[in-house]
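This report refers to the structure that appears directly beneath it.
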Amino acid sequence: MKLDWAQTNALSYFESLVSSDRDLPLLEAAACLAHVAHEVQDVEWVLEEVDHLVRMLQRRWSSDLDTLERLQVLNRFFFEECRFAGNVNHYDDPGNSFLHQVIQTRRGIPVSLAVIWLELAQSMGLDAAGVNFPGHFLLKVNLLQPKGAKVVIDPFTGHVLAREDLLVRLSTWMPGLPMDAQSAQTDHALSQALGSAGPRDILARMLRNLEEIYWRRNDAPALQAVKARQAVLEASRSSTS
């Protein structure tokens, strides 16, 4: 059997990045998912471009801003100035999951846009995380006051989502969920849905998206490359748990 050394080396690179949960480099690991279709894609270019965005952002805020003010600066920079947005017209393009293409086109899907946004949020000292919300990846920023408060953002549109918006979305996946009361059942369901997604969870979601796309396209080589990374990610999860 002929070995594809480019894919083998790329897979080994991915494996080295996700081998431990300690300081797992989400941006770098997410960037090298492009190797399933672009074997020679330069991951360093993605890291440099995001560093450039961080430097641009640093000139737009100061350390005396509170959490909400920093969040406003970040969203204005990301969604308005840089014009990152969801790829409405070509949602199923696998390139929406490849960070080099997302940076070049300023278009992506929620989870890929979230990866870049989170890197910028981290540079501002925001307590931010991804959210594996059913059907649509979200972002959240935890506030110091009041305790337990958070701002939830749709990375596809940049919109801040109110409790009612979240319940409408959640009800699609949980028929019968009470919508008109502050019930314990509703509070628990929403709290569970808004749990933080770690780097490994985010990578798994990105890979599931690619798996579905390549399965529908009947693209066996790309699907095989995706499944190989899923296996590596799952094996490393087991070894670190």
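The values are calculated or read from the model by the stated rules, or taken from the named source; none is laboratory data. This one's a predicted model, so the numbers in the text were calculated from it and none came from an experiment. Cβ coordinates were reconstructed from backbone atoms using ideal geometry, including for glycine residues, and neighbour counts include every protein chain displayed.
Given the conditions (1) without any contact (Cβ under 8 Å) to a residue 24 or more places away in the chain; (2) surrounded by fewer than 21 Cβ atoms within 10 Å (Cβ to Cβ); (3) under 17 Å from residue 155 (Cα atoms), which single one is not true for residue 102?
Only one criterion is unmet by residue 102, namely (2).
Given the conditions (1) at pLDDT 95 or above; (2) part of a loop (DSSP other than H, G, I, E, B), which single one is not true for residue 22?
(1) is the only condition that residue 22 fails.
Among the listed residues 169, 107, identify the single one that is of a type in the set (Lys, Arg) and more than 22 Å from residue 204 (Cβ to Cβ).
Just one listed residue meets the conditions, 107.
Has region 156-167 got any residue that is under 29 Å from residue 83 (Cβ atoms), at pLDDT 95 or above, of a type outside the set (S, T, N, Q) and under 14 Å from the mean Cα position of the chain (by Cα)?
Scanning region 156-167 turns up at least one residue that is under 29 Å from residue 83 (Cβ atoms), at pLDDT 95 or above, of a type outside the set (S, T, N, Q) and under 14 Å from the mean Cα position of the chain (by Cα).
In the list 167, 207, 194, 177, which residue meets the criterion of being out of contact with any Pro (no Cβ under 8 Å at 6 or more places or on another chain) and under 26 Å from residue 66 (Cβ atoms)?
194
Sort out which residues of region 69-86 are outside any helix (DSSP H, G or I), hydrophobic (A, V, I, L, M, F, W, C) and touching a Gly at 6+ places or on another chain (Cβ under 9 Å), and write them in order of number.
Those that are outside any helix (DSSP H, G or I), hydrophobic (A, V, I, L, M, F, W, C) and touching a Gly at 6+ places or on another chain (Cβ under 9 Å): 84, 85.
Looking only at residues that are touching a Phe, Trp or Tyr at 6+ places or on another chain (Cβ under 9 Å) and not in a loop (DSSP other than H, G, I, E, B) in region 190-202, which one is farthest from residue 75 (Cα to Cα)?
For region 190-202, the residue satisfying everything is 193.
Exactly one of (1) in contact with a strand residue (DSSP E or B) (Cβ under 7 Å, 6 or more places away or on another chain); (2) buried (at least 21 other Cβ atoms within 10 Å of the Cβ); (3) not in a strand (DSSP E or B) is unmet by residue 130. Its number?
Status for residue 130: all satisfied but (3).
Looking only at region 169-189, count how many residues are part of a helix (DSSP H, G or I) and free of Cβ contacts under 8 Å to residues at least 12 places away in the same chain.
Residues that pass the stated criteria total 5.
Show the residue pairs meeting these rules: Cβ distance below 6 Å; 6+ apart or different chains; first residue within region 115-140 and touching a residue at least 60 places away in the same chain (Cβ under 8 Å) and over 29 Å from residue 64 (Cβ atoms); second residue assigned to a strand (DSSP E or B) and hydrophobic (A, V, I, L, M, F, W, C).
Matching pairs, first to second residue: 132/197.
From the list 166, 139, exactly one residue is outside any loop (DSSP other than H, G, I, E, B) and within 19 Å of residue 112 (Cβ to Cβ). Which is it?
139
If you scan region 6-30, which residues turn out to be in contact with an Asp or Glu (Cβ under 6 Å, 6 or more places away or on another chain) and either among the acidic types (Asp, Glu) or surrounded by fewer than 14 Cβ atoms within 10 Å (Cβ to Cβ) (or both)?
6, the sole residue that qualifies.
How many residues, within region 191-220, are at pLDDT 95 or above and more than 18 Å from the chain's Cα centre (by Cα)?
Summing the residues that are at pLDDT 95 or above and more than 18 Å from the chain's Cα centre (by Cα) in region 191-220 gives 7.
Any residue in region 58-80 that is surrounded by 13 or more Cβ atoms within 10 Å (Cβ to Cβ) sitting within a Cβ distance under 8 Å of a residue that is at pLDDT below 95? List the pairs, counting only those 6 or more apart or interchain.
67/143; 67/144
Across region 141-195, which residue is nearest to residue 107 (Cα to Cα) among those that are crowded, with 17+ Cβ neighbours inside 10 Å and among the small types (Gly, Ala, Ser)?
158
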